[in-house]
Amino acid sequence: MKTLRAFLGRVRAVERAEAFTLAVARGLITMGAVDWHVLFFDGHFIPYFGQHAIRHGYFTVRRLALKGQQAFYAHDRRGRPLLVLLQPGSTKLYAVLPEMIGLLKRIVGSRWGRWVLTVVFDRGGWCVEFLHKLDQAQVYWVTWLELTRAAQDWVEQLPDTMFERHTLQLNTLETNVWLTEVGVYIPAYGFCRAVVLDDRDQQRRIVLGSNDHDRP
């Protein structure tokens, strides 16, 4: 730890932190340590208790606005990290995702192409304008859908016979889920593919959307 901190201190001194981040990510991809074609994005608030005057952000653990930063992460399907980006505490996930995708394009270089990347994110990334940008950039997206009340009521009224049982392997845990596929209209966006998960233990239905209409 002492050696690592000393090294990072030298990186900070030359003010090349971004170049260092890109070089590490490029090395991880070159070594095959991370698969960059499907990336999960998320953000976490890191409280700051020092004396410097910095922006506040919402800390969900305490349900308070505190001084701090947002750390945004990109990792692959096996949970292996590729990129970490620190931003002011009030920054939203949907605002920083285009920058992270831009960094990824710089990292992979000539390997970038049409529809080679799938980004997966939660409700923090929900923004219709951002979905349009991903379509224009020819990037697949998968996320929770923010449905209108009418659409959610329609999903709740789908008959149980529409759902098929699937077995998923989550690390060492095997779980059974009930799924069906429908088309859902999003205001200001249009129709998208939607997979409805019927959680029969919690008696609720969760809807995931995507612009990928081909993969099973």
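The values are calculated or read from the model by the stated rules, or taken from the named source; none is laboratory data. Keep in mind the model is a prediction, meaning the values are calculated, not measured. Heads up, the Cβs are rebuilt from the backbone with ideal geometry, glycines too, and the neighbour counts pull from every protein chain shown. The protein model used for the area step is the full one, side chains on, heavy atoms only, and it has no ligands, DNA or RNA in it. Shrake-Rupley method; radii C 1.70, N 1.55, O 1.52, S 1.80 Å.
Structure data summary
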quantity: Which of Thr148, Thr172 is most accessible, then next, and so on - probe 1.4 Å; calculated: Thr172, Thr148
quantity: Sequence-distant lysines (8 or more away, or on other chains) whose Cα lies within less than 28 Å of Lys67; calculated: Lys2, Lys92
quantity: Computed [θ] at 222 nm, deg cm²/dmol, the chain (DSSP H ≥ 4; -39,500 (n - 2.57); rounded to nearest 500); calculated: -8500 deg cm²/dmol
quantity: Positive-end extreme of charge dipole, the chain - chosen from Val195, Tyr58, Tyr140 (charges on Cβ); calculated: Tyr58
quantity: Label-point separation, Ala33 to Tyr189 (7 Å along Cα→Cβ), nm; calculated: 3.4
quantity: Using a Förster distance of 35 Å, the FRET efficiency for Glu15-Thr60 (Cβ separation, nearest 0.05); calculated: 0.60
quantity: Largest-first ordering by accessible area, 1.4 Å probe, given options Phe20, Phe191; calculated: Phe191, Phe20
quantity: Heavy-atom surface of the range 1-63, accessible at 1.4 Å and reported per residue (Å²); calculated: 78
quantity: Surface accessible to a 1.4 Å probe, Tyr140 within the full protein complex, Å²; calculated: 40
quantity: Candidates Thr60, Thr175, Thr91, ranked by Gaussian network fluctuation over the chain, Cα under 10 Å, top entry; calculated: Thr175
quantity: Residue among Asp153, Asp135, Asp76 with the largest mean-square fluctuation in a Gaussian network model of the chain, springs linking Cα atoms under 10 Å; calculated: Asp153
quantity: Fraction of accessible area attributable to carbon and sulfur, the chain (%, probe 1.4 Å); calculated: 54
quantity: Calculated FRET efficiency for the pair Phe49/Glu146, C-beta based, R₀ 25 Å, to 0.05; calculated: 0.15
quantity: Net charge of Cβ neighbours under 13 Å - reference Gln169; Lys, Arg +1; Asp, Glu -1; calculated: +1
quantity: Fully extended contour minus Cα-Cα distance, from Leu197 to Asp122, at 0.36 nm per residue; calculated: 25.5 nm
quantity: Diffusion coefficient, µm² s⁻¹, Stokes-Einstein with Kirkwood Rh over alpha-carbon pairs of the chain at 4 °C and 1.567 mPa s; calculated: 66
quantity: Counted charge near Tyr94, where neighbours are those whose Cβ lies closer than 14 Å (Asp, Glu -1; Lys, Arg +1); calculated: -2
quantity: Estimated dipole of the range 37-131 in Debye, rounded to 20 [Cβ of Lys and Arg +1, of Asp and Glu -1, Cα centre]; calculated: 120
quantity: Cα centroid of the range 1-38 to Cα centroid of the range 95-129, whole Å; calculated: 19
quantity: FRET efficiency for Met162 and Tyr73, using Cβ-Cβ distance with R0 set to 45 Å, rounded to 0.05; calculated: 0.80
quantity: Where Rh is the Kirkwood radius over Cα pairs, Rg/Rh for the range 78-156; calculated: 1.02
quantity: Partners for Lys105 among lysines (Cα-Cα distance below 18 Å; same-chain residues under 8 apart left out); calculated: Lys133
quantity: Stretch gain in nm, segment Trp154-Arg114, where the contour uses 0.36 nm per residue and the Cα spacing is subtracted; calculated: 11.0 nm
quantity: Contour minus Cα-Cα distance for Gln169 and Gln136 (0.36 nm per residue); calculated: 8.5 nm
quantity: Accessible-area value, Val38, 1.4 Å probe, nucleic acids and ligands omitted, Å²; calculated: 20
quantity: Å² per residue, accessible surface of the range 83-205 at 1.4 Å; calculated: 59
quantity: Size of electric dipole in the chain: Cβ of Lys, Arg +1 and of Asp, Glu -1, about Cα centre, debye, nearest 20; calculated: 1300
